[in-house]
Amino acid sequence: MKIKLFIQAITKLFLGIILVGLLLFLPAGTICFTNGWLLIGILFVPMFLAGIVMMFKNPESLKKRLITKEKQQEQKMVVKLSGLMFFVGFIVAKRIKNEEEFLEKELAGYGNYKKEVKYRLVPFIW
């Protein structure tokens, strides 16, 4: 049972890393996005460590955490809205990237502005 639980936990962890990586690096247009890697580390390293602790100290707790089917109607709505939020965030990021490319092509001097101002949307992030 522990091997099956371990495989299930690692699979969900890697799928989460891949999903968050896609949401971060596709709009950025590169995997050389230091803040993206920092966010992934801050998000998933503690999650991994907590999973390891639960695996050895309380496997039943880990098993309950891996179940994604919510029973309460309110919690089901929260899960659906969270998924929608990620999807909308991805679309907005793609739109902003497209606008940046358009401005660089069509607006004189925007390329130089981009070189001078590294973070144009969110300070120190994007």
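For the range 29-42, does any single residue satisfy the condition of being among the hydrophobic types (A, V, I, L, M, F, W, C), modelled with pLDDT of 85 or more and more than 30 Å from residue 111 (Cα to Cα)? Spell out how you get there, then give the answer.
If we filter the range 29-42 for residues that are among the hydrophobic types (A, V, I, L, M, F, W, C), which is where we start, we get 31-33, 37-40, 42.
Subsequent filtering for residues that are modelled with pLDDT of 85 or more retains 31-33, 37-40, 42.
Keeping just the survivors that are more than 30 Å from residue 111 (Cα to Cα) gives 42.
Looking through the range 29-42, at least one residue is among the hydrophobic types (A, V, I, L, M, F, W, C), modelled with pLDDT of 85 or more and more than 30 Å from residue 111 (Cα to Cα).
Tell me which residues, restricted to the range 29-42, are without any contact (Cβ under 8 Å) to a residue 60 or more places away in the chain and either more than 25 Å from residue 66 (Cβ to Cβ) or in the same structural domain as residue 95 (by TED's automatic domain parsing) (or both).
30, 31, 32, 33, 34, 36, 37, 38, listed by residue number.
Quickly run through the range 62-96 and pick out the residues that are more than 22 Å from residue 17 (Cβ to Cβ), surrounded by 10 or more Cβ atoms within 10 Å (Cβ to Cβ) and not hydrophobic (A, V, I, L, M, F, W, C).
The answer is 70, 75, 76, 80, 95.
In this structure, does residue 51 turn out to be touching a residue at least 40 places away in the same chain (Cβ under 8 Å) and more than 30 Å from residue 121 (Cβ to Cβ)?
Yes, satisfied.
Identify all residues within the range 2-27 that are small (Gly, Ala, Ser) and in contact (Cβ under 8 Å) with a residue 24 or more places away in the chain; write none if there are none. Steps first, please.
First pass over the range 2-27, keeping only residues small (Gly, Ala, Ser): 9, 16, 21.
Residues satisfying the conditions are 9, 16.
How many residues does the range 71-104 hold that are among the small types (Gly, Ala, Ser) and touching a residue at least 12 places away in the same chain (Cβ under 8 Å)?
Here is the first cut: in the range 71-104, the ones among the small types (Gly, Ala, Ser) are 82-83, 89, 93.
Those still in the list that are touching a residue at least 12 places away in the same chain (Cβ under 8 Å) too: 89, 93.
Residues meeting the conditions: 2.
Quick one: residue 126 ticks every box in (1) part of a helix (DSSP H, G or I); (2) surrounded by 12 or more Cβ atoms within 10 Å (Cβ to Cβ) bar one, so which box is it?
Against the list (1) part of a helix (DSSP H, G or I); (2) surrounded by 12 or more Cβ atoms within 10 Å (Cβ to Cβ), residue 126 comes up short only on (1).
The values are calculated or read from the model by the stated rules, or taken from the named source; none is laboratory data. These numbers were taken from a predicted model, which means no experiment stands behind them. Cβ: placed from backbone, ideal geometry, glycine included. Neighbour counts: every protein chain shown.
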